[in-house]
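Since every read-out is calculated from the coordinates, none of them should be taken as a lab result. The model shown is predicted, which means the values in this text are computed figures rather than measured ones. Cβ placement follows ideal geometry from the backbone for every residue including glycine, while neighbour counts extend to all protein chains displayed.
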Amino acid sequence: MRRLVVSLVLLTLLAAGGQHFGVDLAPQPANAIEIETVVWQFGQDYPGVEGDDTLLPVGTVHVKTHDGTDWMSTYDGNSKAVTGPASLRRLIADYNAKGIEVVAWFVPKGVDIEDQVRMAEDVLDTGVKALYADVEPFDGFCYGDCNYLAEQFWWRLRSERPEATLGVIYDPREWTWQDSGTWKWLATANAALPMCYWEVYTDQGIWADPNGCVSQARADLSWLAPGRSLEYIPMLEGDTSGDKFLAAMDAARSAGSSRVSIWRRGVVRPDVWEATWNIWEPAPAVASAWPSYWVWSPCPWDGCILKEASSPALYVLHSGAKFHIPNPDALAAMGRRPGDYWIVGDGMLQTVADVPWDGTLLQEAGSPTVYVVYAGAKFAIPSPDALYALGLGYAPVHTIAPGSLNQIPNVPRDGTRLAELSGPSEWQITAGARFPLPSPEVRDALIGAGALEGPLYIVPWGALAQIPTTPHDGSRVRELSSGSEWQIAAGAKFPLPDAMVRNQLVRKGAMEWRLNIVPDGALAGLPTAPRDGTRVQELGGDAEWQVASGMKFALTDANRRAELISAGSLSSQVTIVPPGGLGSIPEGPQEGTLLQEVGGSALFVMRCGSLYRLQDNAQLNRLVSAGLARRPILTIGGPLAEPDLTARKRCAGAGMDVCPAAGWGAANPFAPPGCKPQETQAGE
């Protein structure tokens, strides 16, 4: 009977059409990809490379709590090993004090359903972030009982804890699915964690490739969990090289993951930890001095067109890089014929860079503009005189397909030293922005600090205008002679109070680990309030805010927040800043602010601490002309409403002379105190 009840509950849940049970996932900042790691046994996983968790880029740990019906203290003699709910609560408190969240994981096995359900519920009741089941059809795991446990234990746990966040750790290789009952476990889970252990899966085809394993496991979810929107958290191998780990990370990002887990803390190599600190959006690959296609391509010269055996896509080679030719019209515009290409092996073009080497001249077919490439960026050459002044008058100009220049950035790589042709100043490029170098001494000091390259690039007149003056969001910046570090977020600067906050922001994907050192005084002109439309939250806080005109407005209603996002007045992504970072931003509305509720048409103004509804455009114009209201009109969540007459405040000290100048009526609520209702103004 119990089995029938559980099955009926499961069918009801599945009928919800792929509902994400019990999940209220926090919004992720732009570019965010959080790092989590697994603790199997404390005696085996500490200290590892680094014993201090606060010095690792980890925001969440997966702690193994039990194996079947045995708490982990049965196997792990370390004093931190889980002995039951009380010890798990202490662990959670210890990790939380370091800014780290805790997920519990366990191995279901055996046929004691009642005790396993009880233990799982005891673990969930401690306040863990989630509970993950490690499901493998091998000895020591669920073995021959995997399908039975999925139906009798896992489905029952879901029915009794419908709001819990449950995940499944599983072997992604398809030959294990039937014996492990993988689809049954995923049927009521919130998260899928395929074990991509490419070093273990050596000589097993796609599973031995970091990129291939992560990508294939994601694709296979359409078979294993059809119609369900599971969070995809691939579990990546830690005992590997940094390059292989980064390849898997790139695949996870492409698959839409906001989190990855690393197996396991005690075996992660130093270069993998270093790689995790430096994860951000990958930059386009720049051509090396010896491009790979010189070795393997049947046509290795500039202008050769290649295609891979199983792909129709055509690419032309120039100066160590490849450029896509999107269609026959583009090919014809380049003056080339159909069939004018060489075939190479599948995957070979992935080894060719997207950005050519320095000094390359490029021109899109049909465009009169010629560009030169320096330091990984393109710069338009404004005239033939500029071309010759740069010493490039006799260099070949390569024709590429329309739109192909989009693959080359406008901003040079960090550390580049630039000057415009015949310009008086030199500039440092870092964090995606340009900073003037005030003196040779500062220049040399930055070179000595490793923040600036020695060689100087000369670019065309006016070329610096394409490079921003504000560091890109997520930058970590410090002035040359200062010990203070800053986070750049939503176009504003926020001080980093300590190393723990810094590390937590990096873990959350809100900031790069790389430190950008800039000249003294370079940060003075940066704003302290984020750009309009920013959706912002302090690290560790629950409150969210909308930023508009240098003010912050509380976001308290999820539906109105969604309307603001749909209206284009609010970012869909949250910006995370240090604790206290919003303290200097005034809470709106301030005096004279013009407001409109999202989805509404009525206009309001903040006057003397009270909201007033504007009657018409004439009244709006009078207020703006008199300096009592200021544009723009801000769209906020609201709700907006006038206060009761008895609650309205009056402004002090304005004087009678304001009344006729502003066209106040005798009973106008915006009028200063000299404009009494009993006083009639001239002309009324």
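Summary table below
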read-out	value
Dimensions (Å) - the stretch 232-341, Cα atoms, principal axes, largest first	57, 31, 23
Segments 130-143, 177-190 sorted - mean Cβ within 10 Å per residue, highest first	177-190, 130-143
Around residue 450: net Lys/Arg minus Asp/Glu count, Cβ-Cβ under 12 Å	-1
Extension gain from residue 481 to residue 458, taking 0.36 nm per residue of separation minus the Cα-Cα distance	5.5 nm
Selected from 154, 190, 238, residue furthest toward positive end of dipole (the stretch 46-277; charges at beta carbon)	190
Whole-angstrom gap from the stretch 60-89 to the stretch 462-504, using each part's C-alpha centre	41 Å
Whole-number D in µm² s⁻¹ for the stretch 386-431, Kirkwood Cα-pair radius fed into Stokes-Einstein, 4 °C, 1.567 mPa s	97 µm²/s
For residue 356, net neighbour charge (Lys/Arg +1, Asp/Glu -1) across residues whose Cβ lies under 12 Å away	-1
Residues 220, 542, 329, sorted so that the one with the fewest Cβ neighbours within 10 Å comes first	542, 329, 220
Exceeding the 18 Å Cα-Cα cut-off - candidates 129/508; 98/552; 378/493; 80/109; 129/184	98/552; 378/493; 80/109; 129/184
Amide H within-cut-off set for residue 539, under 5 Å, with H built and near neighbours excluded	577
Length added when fully stretched, residue 285-residue 572, from 0.36 nm per residue minus Cα-Cα	100.4 nm
Relative frequency of Cα-Cα separations exceeding 23 Å in the stretch 46-277, percent	48 percent
FRET efficiency, 1/(1 + (r/R0)^6) with R0 45 Å, evaluated for residue 367 and residue 271 via beta carbons	0.55
Estimated dipole of the chain in Debye, rounded to 20 [Cβ of Lys and Arg +1, of Asp and Glu -1, Cα centre]	1720 debye
Cβ-placed point charges (K, R +1; D, E -1), dipole of the stretch 46-277 about Cα centre in debye, nearest 20	600 debye
Estimated FRET transfer efficiency (residue 254, residue 621; beta-carbon r; R0 56 Å; 0.05)	0.60
Percent antiparallel among DSSP beta bridges (both partners in the chain, rounded to 5)	40 percent
For the stretch 102-236, projected area of the alpha-carbon convex hull averaged over all directions, nm²	7.8 nm²
Order of 146, 213, 299 - criterion: other Cβ atoms within 10 Å of each residue's Cβ, fewest first	299, 146, 213
Entry for mean projected area of the Cα convex hull in nm² (calculated from the structure that is shown) out of (i) 29.4; (ii) 40.3; (iii) 34.3	(ii)
Cα-based shape type of the stretch 140-213, given that a ≥ b ≥ c are square roots of the gyration tensor eigenvalues and the cut on a/c is 1.5	prolate
Principal axis dimensions, the stretch 404-542 - Cα atoms, whole angstrom, descending	53, 38, 24
Residues 538, 237, 163, sorted so that the one with the fewest Cβ neighbours within 10 Å comes first	163, 538, 237
For the stretch 300-390, Kirkwood radius (reciprocal of mean inverse C-alpha pair distance, Å)	14.3 Å
Residues residue 96 and residue 163, FRET efficiency given R0 of 25 Å [Cβ-Cβ distance, rounded to 0.05]	0.75
Relative contact order of the chain, pairs being alpha-carbon contacts under 8 Å that are 6 or more residues apart, as %	8 percent
Translational D in µm²/s for the stretch 37-165 (Stokes-Einstein at 37 °C, 0.692 mPa s, Kirkwood Rh from C-alpha pairs)	217 µm²/s
Table column - 3J(HN,Hα) (Hz), the stretch 442-454, Karplus curve with 6.51, -1.76, 1.60, x for Gly and Pro	5, 4, 5, 5, 5, 5, x, 7, x, 9, 8, 7, x
Gyration tensor over alpha-carbon atoms, the stretch 476-577, equivalent ellipsoid semi-axes in Å	27, 15, 10
For residue 76, residues with placed amide H under 5 Å, excluding near neighbours	none
Environment charge of residue 575, counting only residues whose C-beta is closer than 11 Å and scoring Lys/Arg +1, Asp/Glu -1	0
Average projection area in nm² (convex hull over Cα atoms of the stretch 593-649, one quarter of hull surface)	3.9 nm²
